[in-house]
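The values are calculated or read from the model by the stated rules, or taken from the named source; none is laboratory data. Not measured: the values here are computed from a predicted model. A quick note on method: Cβ atoms are made from the backbone with ideal geometry, for glycine too, and the neighbour counts reach across all protein chains shown. Ligands, DNA and RNA are excluded from the accessible area calculation, which covers all protein heavy atoms including side chains. Shrake-Rupley method; radii C 1.70, N 1.55, O 1.52, S 1.80 Å.
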Amino acid sequence: MSDRVFEIVTSSFMKLLIPGITVTIPLTILSFLLSLVLGLLLAVSQTANIKGLKQFSVFYIWIFRGTPLIVQLFIIFHGLPTIGIYIEAFWAAIIAFGLNLAAYNAEAIRAAILAIPEGQLEAAYMIGLSYPIAMIRIVLPQAFQIAFPSLFNNLISLLKDTSLASSITVVEMFAVVQQITGRTYEYFALYLEVAFIYLIFSTLLTFLQSYLEKKFVWKSDATKEEKRGRRRAMLG
Amino acid sequence: MLEIIGLKKSYGDNEILKGIDFKVDKGEVIAVIGPSGSGKTTLLRCISFLSNSDEGIMRLDDYECDMKSATKSEVSHLRENMGFVFQSFNLFRNMTVIKNVMEGLITARKMDKKEAKEIALEMLEKVGMLEKKDSYPDELSGGQSQRVAIARAVALNPRVILFDEPTSALDPELTGEVLDVMKKLADEGTTMVVVTHEMGFARDVASRVVFMADGYIVEEGPAKEVIDNPREERTRQFLSR
Ligand SMILES: Nc1ncnc2c1ncn2[C@@H]1O[C@H](COP(=O)(O)OP(=O)(O)O)[C@@H](O)[C@H]1O
Ligand SMILES: [Mg+2]
């Protein structure tokens with residue numbers, strides 16, 4: 001690598017990392033929270049068999065899974081203004097990502113709810129819980145555990161997909177790298193560099209996932225401790 | 001105390017319960033026996049409104065309701081008086097043993113935590129599961145799970161507890177610990193309806209035996225009489241297997 005390239009790559013690192021931390025990550029987190037809440041509502045309106053809502057949910061998922069994310073993004077940012085709805089780029093991105101991912105999260109949560117044995121709900125009824133309370137107290141926590149890996153997968157996809165926000169003027173990490181390449185023409189090195197930063201972020205998420213998955217099992221502390229002890233013993 | 005009159009239930013074209021009259025008095029232990037597929041589980045599920053009925057009247061003391069068209073509030077009122085112990089335990093996997101027992105008291109009955117905990121501890125003591133109070137269901141044997149499930153039902157102090165083959169999902173060496181708990185409850189005067197294949201239990205613990213076959217109650221009477229000297233041919237056949 002020439003000194004010039006080295007110089008550009010090192011001086012760009014912070015320039016990329018900062019929008020990564022201040023834009024890409026908040027964009028990811030906020031969109032994901034929106035997609036989680038909406039996804040949960042969509043999933044529950046299907047499994048609860050609420051008339052009308054169920055059809056709406058199926059329709060919603062059909063639309064948002066069946067059309068490209070970038071088109072959805074453009075409709076919200078460029079399309080809505082023509083009917084008088086103006087949304088700032090950053091929020092337009094959150095709305096588009098959130099609405100889109102909600103469809104995928106809904107499917108993950110719905111499948112998880114269906115995987116919970118009917119007996120859990122019946123036992124809840126027999127101790128006097130109503131359907132909504134039984135869902136909140138018993139079924140959804142268990143479904144969430146089952147859906148967790150899929151939801152986390154979706155989160156990691158989202159992290160990478162936020163780069164599409166650059167196409168609607170959001171100055172996130174990928175937009176910044178495009179500005180720098182525009183000035184320096186060092187496409188290869190700089191795109192590799194930004195890929196590397198995305199990789200760091202998603203790797204951290206993967207660590208977070210396995211950490212949470214371990215915490216998120218319904219075993220008493222004594223059993224967990226014993227398991228850890230056994231693993232330690234095995235490692236010698 | 002609890003009475004069912006003319007209960008009918010079909011699945012599609014298949015009529016499972018063809019007109020069941022059934023009565024439980026306070027303090028009674030009723031064993032429901034009969035061949036597999038005769039509708040015993042369906043009977044308990046209809047009584048507890050887990051399945052809907054096609055016809056039938058339920059009376060609880062002076063309270064009467066049409067089982068077919070029971071409203072949500074009727075169902076919840078009637079269920080307050082019933083406990084259910086399932087063949088497959090159905091303990092809440094996301095809660096510790098003690099939380100399983102406290103759940104109904106706190107969430108449904110709005111009891112305060114401290115009081116609920118006291119009751120739960122007392123119930124777990126009764127079923128011999130106090131030591132495992134902080135374990136999760138996945139860490140228990142079948143026999144232990146079923147004892148916790150019994151504690152969960154008893155904690156709400158229902159007027160009658162329905163048991164659907166509480167020991168048939170258990171390894172043979174674990175049935176004893178569950179039957180012992182049930183015998184203890186019987187001795188304390190708990191009203192119970194127990195679907196079971198344990199003839200020893202039915203004979204020695206139950207006050208009355210109901211024999212079901214093909215959707216009818218074929219024979220019923222004092223436990224020892226029905227089991228030792230069945231009047232009906234169908235009952236005799238079943239018992240001599
Ligand atoms: N959900 C259901 N749908 C259709 N048929 C059912 C259902 N549940 C039970 N049955 C049928 O009803 C009959 C009685 O079942 P069940 O009450 O479980 O009998 P038992 O508990 O006496 O073995 C069986 O023939 C069974 O196949
Ligand atoms: Mg059965």
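A 18 angstrom limit on the alpha carbon distance is what I want to check against. Which of B:K99/B:K132; B:K183/B:K224; B:K40/B:K72; A:K224/B:K133; A:K219/B:K99 exceed it? Walk me through the numbers on the way to the answer.
Details: B:K99/B:K132 12 Å; B:K183/B:K224 16 Å; B:K40/B:K72 24 Å; A:K224/B:K133 16 Å; A:K219/B:K99 13 Å.
Where the Cα-Cα span goes over 18 Å, the pairs concerned are B:K40/B:K72.
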Roughly how much of B:K68 is accessible, in Å² to the nearest 10, using a 1.4 Å probe? 130
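Using a cut-off of 11 Å between beta-carbons, work out the net charge of the residues near B:V218 (Lys and Arg +1, Asp and Glu -1, B:V218 not included).
Details: positive: B:R231, B:R234, B:R236; negative: B:D214, B:E219, B:E220, B:E232, B:E233.
That sum, taken over residues with Cβ under 11 Å, equals -2.
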Solvent accessible area, Å² - A:V194, 1.4 Å probe, full protein context: 10
Exposure rank, largest accessible area first [A:R137, B:R241; 1.4 Å]: B:R241, A:R137
Could you give me the ³J(HN,Hα) list for region B:57-70, computed from phi with Karplus coefficients 6.51, -1.76, 1.60 and θ = phi - 60°, whole Hz, x at Gly and Pro? 10, 10, 10, 10, 6, 8, 7, 10, 8, 7, 5, 5, 10, 4
The answer for the per residue Cα convex hull volume of the protein assembly as shown, in Å³, is 211
Dividing the convex hull volume of the Cα atoms of chain B by its residue count, what figure in Å³ per residue is obtained? 128
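Which of the DSSP-defined H helices in chain A satisfy a minimum axial length of 24 Å, computed from C-alpha atoms, and a minimum mean Kyte-Doolittle hydropathy of 0.0? Provide the component values of the computation, followed by the final result.
Numbers: long enough: A:3-19 (25 Å, 0.78); A:25-47 (32 Å, 2.04); A:89-115 (39 Å, 1.38); A:140-161 (29 Å, 0.63); A:187-215 (42 Å, 0.97).
Counting only whole DSSP H runs, the qualifying helices are A:3-19, A:25-47, A:89-115, A:140-161, A:187-215.
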Solvent exposure, largest accessible area first (probe 1.4 Å, DNA, RNA and ligands not counted), of B:Y216, A:Y198: B:Y216, A:Y198
Excluding residues on the same chain fewer than 8 positions from A:K15, give the lysines whose Cα lies under 29 Å from its Cα. A:K160
Give the distance, in whole Å, between the Cα centre of region A:177-218 and the Cα centre of region B:1-51. 61
Given H placed on each backbone N at 1.01 Å, which residues far from B:G34 in sequence or on other chains put an amide H within less than 5 Å of it? B:M212
Considering Cα pairs under 8 angstrom that are at least six residues apart, work out the relative contact order of region A:3-235 and quote it in whole percent. 27
Which net charge results when you count Lys and Arg as +1 and Asp and Glu as -1 among the other residues whose beta-carbon is under 14 Å from that of A:T47? +1
Quick one: which residues, 5+ away or cross-chain, put their amide H under 5 Å from the amide H of B:E219? H built at 1.01 Å from N. B:F211
Just to be sure I understand the curve: with the Debye formula and one point per C-alpha of region A:3-235, what is log10 I(q)/I(0) at q = 0.12 Å⁻¹? -0.82
Just how much of B:R45 is accessible, in Å², when a 1.4 Å probe is used and the result is rounded to the nearest 10? 50
Quick check: pseudo-label points 7 Å beyond the Cα along Cα→Cβ at B:E173 and B:Q237, how many nm apart are they? 3.8
First select every other residue whose beta carbon is under 12 angstrom from the beta carbon of A:A93; then total the charges, Lys and Arg +1, Asp and Glu -1. -3
Highest-MSF residue in chain B out of B:E220, B:E173, B:E115 [GNM, Cα springs under 10 Å]: B:E173
B:E15 and A:S150 label points (each 7 Å along its Cα→Cβ direction) are spaced in nm at 4.3
Pick from A:I200, A:I156, A:I61: which is most flexible by mean-square fluctuation in a GNM of chain A where alpha carbon atoms under 10 Å apart are linked? A:I200
